[in-house]
Amino acid sequence: MSPSKRWGSPCLFPLQLFSLCWVLSVAQSKTVRYSTFEEDAPGTVIGTLAEDLHMKVSGDTSFRLMKQFNSSLLRVREGDGQLTVGDAGLDRERLCGPSPQCVLAFDVVSFSQEQFRLVHVEVEVRDVNDHAPRFPRAQIPVEVSESAPVGTRIPLEVPVDEDVGANGLQSVRLAEPHSPFRVELQTRADGAQCADLVLLQELDRESQASYSLELVAQDGGRPPRSATAALSVRVLDANDHSPAFPQGAVAEVELAEDAPVGSLLLDLDAADPDEGPNGDVVFTFGARTPPEARHLFRLDPRSGRLTLAGQVDYERQDTYELDVRAQDRGPGPRTATCKVIVRIRDVNDNAPEISITPLAAPGAPATSPFAAAAAAAALGGADAASSTGSGTQEAGITSLVPEGAARESLVALVSTSDRDSGANGQVRCALYGHEHFRLQPAYAGSYLVVTAASLDRERIAEYNLTLVAEDRGTPPLRTVRPYTVRVGDENDNAPIFTKPVYEVSVRENNPPGAYLATVAARDPDVGRNGQVTYRLVEAEVGRSGEAVSTYVSVDPATGAIYALRSFDYETLRQLDVRVQASDGGSPQLSSNALVQVRVLDQNDHSPILVHPAPANGSLEVAVPGLSTKDTAVARIQARDADEGANGELAFDLLQQEPREAFSIGRHTGEIMLTGDLSQEPPGRVFKALLVISDGGRPPLTTTATVSFVVTAGGGSAVPASSGSPEHSRPPGSRLAPSGPSLQWDTPLIVIIVLAGSCTLLLAAIIAIATTCNRRKKEPYGASPGFGKEPAAPPVAVWKGHSFNTISGREAEKFSGKDSGKGDSDFNDSDSDISGDALKKDLINHMQSGLWACTAECKILGHSDRCWSPSCAGPNVHPPPHPPAQMSTFWQSRRF
């Protein structure tokens, strides 16, 4: 035993454990090959891996198998990797079978400190001649015809030798040297061996009928092993005799029709004196035997036994004629024929038959039992003529009767028959299952199935009945036939909604096509009568009169309702939709259901500032400088189209500049003065950001810039709109607050302020006109006074290019003060004087010193006379137009 080794290249091996990934990455795989002979004693050393790999073995070195291996075959010592034969030993034939090479392959991992090495080991198990050739049988019979030519090859069974190579089977021969046969052993293309017995000379059965020879098989081992077997060669005779039937050419047999399958009819024992295949007879049916007889009767091809293979029926056929053929199996086979006549004997073996013919069509029931009987009589002849075999034809038959059929309506015609004769063929019939149907005799062997009560498909849709026919034989034979009657549907039920009123909620601003709800209606009818479709009942919605179909749609098949538009809670809070469910019957039945779609509010509207109306996002409020703290300055009014918390408004004043001097009621919108304005000069502007927010989540807000303009004097402050001409008011005007605490003195304050301002204005105009006339030495009339009488003195006014004198009552029409009703010349759309211009002119005159101020200004405030243009300097040549300031003041209206 000398191990041979060959180092191989690194190979890829399937990973068994995750930890071995690193092992395979750092270790180099080697292949070591060993060889050993089978049948070596257990413990025989095959090789040592540590020595063959030139490894230094230390105390921590170990060799382990990569996967579990049968230790009874090979063992690996952990210390140095020594391979030894296991306790079971090595049997090459058991391990590798007929394979010419037997190799055991496995993987070993060596562990030494931090060094790992994977070793692929292959152990070749070499064959030894431990098996002798073995014949499959000790006696091998062979037959050969005496007419076989020389060179005829007769296959022999090949001996088996489990060894391979030179130790395997090498030769097969005959022990007798002078026999008329020779054995040849050949190897086929696929490697298998075959042996043939070759005829060397002609045989004569009359001189020698058999030969007893000995076969010898030998292998190529040292020493060789051999085996023997007895070979018996039988010489077959030539086929020179025909089979012969002992019954002769014709045989008759009688068979009862109720004979069980497998009954023996006849034993056709034909004999042939020849031997072997020449005397071996095979029985078959002749070509003239009908196919039906071939199915009913069975002929054993070897024994010639004729048996019953199927049930015969005397009523169907009473005689069968069979042609039987006997033929030997020799070369040039010889045959003989025999005619077998089988006569069937009649017995009472037929049960009654039931034939069901439905006559009532859906929607066309028989109007009376007389009509039903007439219909049955009309079909009686045809039914009787076709009654044979109707039992299997009518299995599982079903009748259909409309639920509106009247009593005594014809359902079906039942016919009974029995092919037996006498009492065995007399049949009585009964119907079982339900009292709604009964069996009415029609004529001999026929009955009518008629309705015995009104039918309702919704209560009972199907009746399972049973028909029983029984003959009068002994014992009686009975036939039971299930029979189903289905009740046809009529459209007698309208669809029924699960609820008469459906309540649905949907949030406003829903997307078009949003699903709202599903209405469901059930119709107990079936088919088209129970097929429910849905549609909207047209109606007008709200004051707009739009059709409800423009708001929602309904799926005609499922009843699902979808929104066709986005709903707005502020314009439509509830939508009543009527849905109609209709079936597909004729006439069509329908029912309605109400769907109440309630639109839920969402916070989708921002607060809107109503009073004072803003202009370009800003407000202007005039505040008298002498107003005391906690004086109501203005009342902010706003609205929100949403409801509930979404419509609850809150007010805030933010970013007050230059200081905080005002506050606003968070829920009332009332602006209060919280600071002291007495030291502020008239025209001083306080700005703040007004924020109005609702209570929605998230809240929506509206902002506006509020300008508080300090005016001279005391009294109540009035808010003034800025920007837009149609909402402009001069300083000192007041916008009526909505709260009850500021409404009681509003008319009085407005009347006092307007009356004082008009009076001062008229007085100033008259004084200016008088002074100018004196300087120009052009008398224009008397100077006006500051009278408070209702009849005012004449006043000089500028008209065109000169002054004209008018009455004081007419002069009030042209006052720079409005009445608080929006009829001031300065608020007209064609006026060139705006609130901003007046304010700027007022401030300029205040800063430069107002020449016409009087003591009344301290009480009533500055009037138009305070800033009227001065006529101090003479003008020799009066201009074609009045001075610029005066013309600007009066140009809003011409007389």
Residue separation between ALA105 and SER171 times 0.36 nm, minus their alpha-carbon distance, gives in nm 20.3 nm
The long-range amide H neighbours of ARG334, using H built 1.01 Å from N in the peptide plane and a cut-off of under 5 Å, are ASP328
Partner aspartates and glutamates whose C-alpha sits under 15 Å from that of LYS687, ignoring same-chain residues fewer than 8 away, are GLU620, ASP652, GLU657, GLU660
Both in Å, the radius of gyration and Dmax of the C-alpha trace of segment 625-671 are 13.2, 41
Any chymotrypsin sites (Phe, Trp or Tyr not before Pro) in segment 248-310 that lie in a DSSP loop and have at most 16 other Cβ atoms within 10 Å would be none
By the Cα gyration tensor axes a ≥ b ≥ c (a/c under 1.5 gives rounded; else a/b larger than b/c gives prolate, otherwise oblate), the shape of segment 540-594 is prolate
Ranking SER707, SER232 from most to least accessible area with a 1.4 Å probe gives SER232, SER707
Once the in-chain neighbours fewer than 8 apart are removed, the aspartates and glutamates whose Cα is under 15 Å from LYS339 read GLU252, GLU254, ASP267, ASP269, GLU321, ASP323
Once both label points are put 7 Å beyond Cα along the C-beta direction, the LYS629-VAL45 separation in nm becomes 11.8 nm
Within segment 95-120, the residues whose backbone N lies under 18 Å from a label point placed 7 Å from the Cα of ASP60 along the Cα-to-Cβ direction are 109-118
Once both label points are put 7 Å beyond Cα along the C-beta direction, the ARG472-ARG137 separation in nm becomes 7.0 nm
Expressed per residue, the solvent accessible area of segment 601-657 in Å² (1.4 Å probe) is about 44 Å²
Per the rule of 0.36 nm per residue minus the C-alpha distance, extending LEU200 to VAL150 adds in nm 17.4 nm
With R₀ set to 41 angstrom, the calculated FRET efficiency between the beta-carbons of ILE397 and THR319, to the nearest 0.05, is 0.70
Cβ-Cβ cut-off under 13 Å around ALA105, Lys and Arg +1, Asp and Glu -1: the net charge is -1
accessible surface per residue for segment 519-565, probe 1.4 Å, DNA/RNA/ligands not counted, whole Å² -> 54 Å²
The answer for GluC sites (Glu not before Pro) in segment 534-566 that fall in a DSSP coil and have at most 15 neighbouring Cβ atoms within 10 Å is GLU538
For segment 759-774, in residue order, the Karplus 3J(HN,Hα) values (coefficients 6.51, -1.76, 1.60; θ = phi - 60°; whole Hz; Gly and Pro = x) are 5, 5, 5, 5, 4, 5, 5, 5, 5, 5, 5, 5, 5, 5, 5, 5
Taking N as the number of residues in segment 248-300, the ratio of its alpha carbon radius of gyration to 2.2 N^0.38 Å works out to 1.39
If each part is reduced to its alpha-carbon centroid, segment 40-78 and segment 181-211 end up apart, in Å, by 54 Å
Expressed as a percent, the accessible surface of segment 158-240 that is carbon or sulfur, using a 1.4 Å probe and the full set of protein chains, is 43 percent
Between ALA405 and residues 5 or more places away or on another chain, the pairs with built amide H atoms under 5 Å apart involve LEU455
For segment 121-167, listing trypsin sites (Lys or Arg not before Pro) in a DSSP loop whose Cβ sees at most 13 other Cβ atoms within 10 Å gives ARG137
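The values are calculated or read from the model by the stated rules, or taken from the named source; none is laboratory data. Keep in mind it's a predicted model, so treat the numbers as computed, not measured. Counting neighbours? That spans all protein chains shown, and the Cβs are built from the backbone with ideal geometry, glycine included. Each accessible area value is taken on the protein alone, full model and side chains, heavy atoms only, with ligands, DNA and RNA left out. Shrake-Rupley method; radii C 1.70, N 1.55, O 1.52, S 1.80 Å.
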